[in-house]
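As structure tokens, the structure follows; a few thoughts come after it.
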Amino acid sequence: MRRIALVTLVVDDYDEAIRFYTEALGFRLVEDAPRPDGSRWVVVEPGVEPGAESGGTGLLLARAKNDAQRTRVGDQTGGRVGFFLHTDDFARDHARMLAAGVTFLEEPRHEPYGSVAVFQDLYGNRWDLLQPAG
């Protein structure tokens, strides 16, 4: 079996990113380990049932180390939706995320492929919250 295990997301600050992804989006912190160069290996992933296996692809939260990387924080996909968070209960997660202060850029839409709304993370990266149809 092959799968994409991690996707790097460049961030300004480890701790504020961990707070956002765990508290506002309900992800779980999988790993937060210091590295010899002073950086940290920080992995978060969508929440799963206690004792269950991984919830899928995780995010490696990587603090920007130079000016080139800092210019990418919040705009890693040129303004396009770059990340897709699937849910089995759109209304529940939409309401919880709104209550946690997540900024949605549109009202929920019900499309043939499912219920969807675009939101942004704390840096401005665009995400879809999506409950696939059927």
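To keep it simple, each residue is scored yes or no on (1) in contact with a Gly (Cβ under 9 Å, 6 or more places away or on another chain); (2) farther than 15 Å from Val11 by Cβ; (3) in contact (Cβ under 8 Å) with a residue 12 or more places away in the chain.
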position	(1), (2), (3)
Val73	yes, no, yes
Phe83	no, no, yes
Arg96	yes, yes, yes
Phe104	no, yes, yes
Leu122	yes, no, yes
Exercise. Return yes when Val48 is within 16 Å of the chain's Cα centre (by Cα), modelled with pLDDT under 95 and either surrounded by 14 or more Cβ atoms within 10 Å (Cβ to Cβ) or over 17 Å from Gly74 (Cβ atoms) (or both) and no when it is not.
Key: yes
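Being open to solvent by 60 Å² or more (accessible area, probe 1.4 Å) and in contact (Cβ under 8 Å) with a residue 24 or more places away in the chain is true for just one of Thr87, Thr57, Thr77. Which residue is that? It would help to see each step written out before you state the result.
Details: Thr87 fails: open to solvent by 60 Å² or more (accessible area, probe 1.4 Å); Thr77 fails: open to solvent by 60 Å² or more (accessible area, probe 1.4 Å).
Being open to solvent by 60 Å² or more (accessible area, probe 1.4 Å) and in contact (Cβ under 8 Å) with a residue 24 or more places away in the chain holds for just one of Thr87, Thr57, Thr77, which is Thr57.
So, in region 51-65, of the ones that are assigned to a loop (DSSP other than H, G, I, E, B) and not basic (Lys, Arg), which residue ends up modelled with the highest pLDDT? Outline the logic, then answer.
Keep residues of region 51-65 that are assigned to a loop (DSSP other than H, G, I, E, B), which gives 51-57, 64-65.
Still in the running and not basic (Lys, Arg): 51-57, 64.
Numbers: Gly51: 52, Ala52: 52, Glu53: 57, Ser54: 60, Gly55: 59, Gly56: 74, Thr57: 89, Ala64: 96.
That would be Ala64.
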Self-check item: Val43 vs. criteria touching an Asp or Glu at 6+ places or on another chain (Cβ under 6 Å), under 26 Å from Gly134 (Cβ atoms) and open to solvent by less than 70 Å² (accessible area, probe 1.4 Å)
Solution: no
Quiz item: For region 97-122, how many residues meet the condition of being touching a helix residue (DSSP H, G or I) at 6+ places or on another chain (Cβ under 9 Å) and closer than 15 Å to Glu23 by Cα?
Solution: 6
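The values are calculated or read from the model by the stated rules, or taken from the named source; none is laboratory data. Note that the structure is predicted; figures quoted are calculated from it, not measured. No Cβ is skipped: glycine too gets one built from the backbone with ideal geometry, and neighbour counts run over all protein chains shown. Protein only, heavy atoms only, side chains kept; ligands, DNA and RNA dropped before computing areas. Shrake-Rupley method; radii C 1.70, N 1.55, O 1.52, S 1.80 Å.
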